[in-house]
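Just so it is clear, none of the values below were taken in a lab; they were calculated from the coordinates. Since the structure is predicted, the reported quantities are computational estimates derived from the model, not experimental observations. Positions of Cβ are generated from backbone atoms using ideal geometry, with glycine treated the same way; all protein chains shown enter the neighbour counts.
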Amino acid sequence: VREIPLLSSRLYVGPGARAEVGRTLRALLPDARRVFLLTDKNCERYGRDVQGALRQSGFEVEGSSLPPGETQKKLATAGRLHELLARKKFDRKSVLVAVGGGVITDLGGFVASTYMRGIALAMVSTTLLGQVDAAIGGKTAVNLPQGKNLVGTFYQPRAVFLDPTVLTTLPPREFVSGLGEVAKYVVIRDAELGALIEREIEAIRRREAPVLDEIVYRCAAIKADVVSKDEKESGLRAILNYGHTIGHALEAAGGYKTLFHGEAISIGMEAEAILAMELGIAPLEVLAAQNRLLRLCGLPTRVKRMARQKVLAAMKLDKKGVDGRLRFVLPEAIGRVRWPVEVPAPLIATALRTITA
Ligand SMILES: NC(=O)c1ccc[n+]([C@@H]2O[C@H](COP(=O)([O-])OP(=O)(O)OC[C@H]3O[C@@H](n4cnc5c(N)ncnc54)[C@H](O)[C@@H]3O)[C@@H](O)[C@H]2O)c1
Ligand SMILES: [Zn+2]
């Protein structure tokens with residue numbers, strides 16, 4: 001298990017990391033006694049592992065297992081959890097441990113950061129998207145009917161456990177979607193990781209622990225480095241949004257039903273690399289190399305039956321007229337991005353025509 005420091009937090013990466021939760025929290029929080037463990041139905045087996053480890057280290061563990069899915073990430077569920085904590089008399093010395101994907105870690109993080117103005121938080125991330133992104137960086141959130149992640153806090157967990165062996169039970173489409181976020185790190189920072197993926201794609205498809213460990217470690221280290229230089233997203237952290245300006249708009253235009261997040265990011269990266277090429281920021285070879293990597297991972301680079309007007313509307317470009325400009329993170333090479341780049345609206349419309357063709 002390798003350790004990555006991140007502000008007041010620590011990431012523990014490696015096969016078997018989930019067995020270390022008890023010992024690690026015991027050392028970090030010598031006065032803590034009670035743990036509230038939050039998980040969902042699909043992650044209960046990992047919840048039980050973590051519960052066992054915590055009990056062995058002398059923690060008293062109670063918890064809650066929610067139905068899976070994004071619909072749980074709302075204020076009503078957070079409120080129910082706050083009340084449950086209060087009824088069970090959890091105090092400021094207690095710990096919330098979230099075991100699950102991004103839904104559970106975002107929601108658990110939000111509850112931990114607000115209950116009694118903040119109790120200690122730890123996360124055991126169980127999805128690839130969570131291990132390389134959602135569980136790292138201290139952003140917590142719940143959704144409102146008006147939009148995703150509209151209510152939330154910045155709150156660093158004390159410890160985050162990234163155990164790649166739990167990824168073997170992830171549904172195939174969830175796993176591939178997570179690779180979309182991995183490919184993003186290749187393009188913004190780590191060309192060597194791209195070469196590793198090309199070399200090891202068969203082992204990745206078989207979800208072998210050593211190669212997943214290396215992938216998760218490298219991505220987590222990049223995100224930790226970026227976040228520790230810019231915790232509240234005033235500058236550098238924006239590079240993590242590569243592929244997301246168009247990717248988010250694709251997700252929204254599809255009503256969050258057509259595309260998984262990583263799939264939308266993959267198509268968004270394709271579109272944004274086209275912009276980079278059109279603007280002379282990157283040569284055609286960059287677009288081609290990125291396209292090859294995405295397809296090798298099994299990710300889409302095109303989307304059918306998507307109304308371009310809806311996508312433009314989601315980027316608010318419909319209101320900005322032909323002079324509308326948006327700031328993008330664009331690749332200069334595999335492993336290096338430029339930010340911010342203002343892109344004129346007509347060029348964006350052209351890139352959208354290519355990816356929705
Ligand atoms: N806080 C952040 O910085 C940040 C960053 C990116 C995304 N997010 C958020 O993360 C959420 C998406 O996260 P996600 O993709 O992990 O979704 P998720 O938590 O819904 O997990 C996806 C599905 O996989 C199941 N699952 C999880 N782990 C499993 C395992 N090991 N084996 C079998 N099934 C498993 C879950 O029950 C769920 O059905 C979104 O709400 C998004 O807003 C947050
Ligand atoms: Zn993302």
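What are the semi-axes of the equivalent ellipsoid for the range 135-178, taken as the square roots of 5 times the Cα gyration tensor eigenvalues, largest first, in whole Å?
25, 18, 6
Using the beta-carbon distance between Ala288 and Glu202 and R0 = 22 Å, what value does 1/(1 + (r/R0)^6) give for FRET efficiency, to the nearest 0.05?
0.45
Counting pairwise Cα distances across the range 143-286, what percent come out greater than 18 angstrom?
Roughly 65 percent, rounded to a whole number.
Using only Cα atoms, what is the ratio of the radius of gyration of the range 75-201 to 2.2 N^0.38 Å?
Working it through for the range 75-201, the quotient is 1.18.
Under the 0.36 nm per residue contour assumption, what length would be gained going from the current alpha-carbon distance of Thr153 and Ser8 to full extension?
50.7 nm
Charges at C-beta only: +1 for Lys and Arg, -1 for Asp and Glu. How large is the resulting dipole of the range 163-219 about its Cα centre, in Debye rounded to 20?
Computed about the Cα centre, the dipole is about 180 debye.
Quick one: Karplus J couplings for the range 226-239, per residue in order, coefficients 6.51, -1.76, 1.60, θ = phi - 60°, nearest Hz, x for Gly and Pro?
Rounded to whole hertz, the list is 5, 5, 5, 8, 7, 4, 9, 6, 9, x, 3, 4, 4, 5.
Which whole number of Å³ per residue matches the convex hull of the alpha-carbon atoms in the range 107-149?
81
Which pairs break 27 Å Cα to Cα here: Lys88/Lys223; Lys41/Lys310; Lys41/Lys316; Lys88/Lys257; Lys73/Lys257; Lys232/Lys257?
Exceeds cut-off: Lys88/Lys223; Lys41/Lys310; Lys41/Lys316; Lys88/Lys257; Lys232/Lys257.
I need the P(r) histogram for the chain: all alpha carbon pairs, bin width 10 Å from 0 out to the longest distance, whole percents.
Histogramming the chain at 10 Å steps yields 6, 25, 33, 23, 10, 3, 0 percent.
Looking at the chain, send over the antiparallel percent of its DSSP beta bridges, to the nearest 5.
Percentage antiparallel, nearest 5: 40.
Between Arg55 and Gln146, what is the label-to-label distance in nm when each label sits 7 Å out along the Cα-to-Cβ direction?
Output for this residue pair reads 4.5 nm.
For the range 187-242, max minus min Cα coordinate along each principal axis, in Å, sorted largest first?
That works out to 39, 18, 14 Å along the principal axes.
Calculate the translational D of the range 68-146 in whole µm² s⁻¹ from Stokes-Einstein, where the hydrodynamic radius comes from the Kirkwood formula applied to all Cα pairs, the temperature is 37 °C and the viscosity 0.692 mPa s.
For these conditions, the coefficient is 260 µm²/s.
Based on the alpha carbons, how large is the Rg to Rh ratio for the range 219-268 when Rh follows Kirkwood?
With Rg and the Kirkwood Rh in hand, the quotient comes to 1.08.
Hey, can you grab everything whose amide H is under 5 Å from the amide H of Lys139? Only 5+ residues off in sequence or another chain; H modelled, so Pro and N-termini drop out.
Tyr155
Quick one: what do you get for the range 1-123 if you divide its Cα Rg by 2.2 N^0.38 Å?
After normalising by residue count via 2.2 N^0.38 Å, the value is 0.99.
Please compute one quarter of the surface area of the Cα convex hull for the range 206-357 and express it in square nanometres.
9.7
Determine the shape class of the range 246-313: with a ≥ b ≥ c the square roots of the Cα gyration tensor eigenvalues, call it rounded for a/c under 1.5, and otherwise prolate if a/b is greater than b/c, oblate otherwise.
The shape class here is oblate.
What span do the alpha-carbon atoms of the range 16-61 cover on each of the three principal axes, reported in whole Å from largest to smallest?
Cα spread of the range 16-61 along its principal axes, largest to smallest: 31, 21, 14 Å.
Place +1 on the Cβ of every Lys and Arg and -1 on the Cβ of every Asp and Glu in the chain, take the dipole about the Cα centre, and give the residue among Pro5, Ala221, Gly152 whose Cα lies farthest towards its positive end.
Working it through, the farthest residue towards the positive pole turns out to be Gly152.
With charges only on Cβ, +1 for K and R and -1 for D and E, what is the dipole size of the range 69-116 about its Cα centre, in debye, rounded to 20?
240
Taking the Cα centre as origin and putting +1 on Lys and Arg beta-carbons and -1 on Asp and Glu beta-carbons, what dipole magnitude results for the chain, to the nearest 20 debye?
Charge dipole, the chain, about its Cα centre: 1000 debye, nearest 20.
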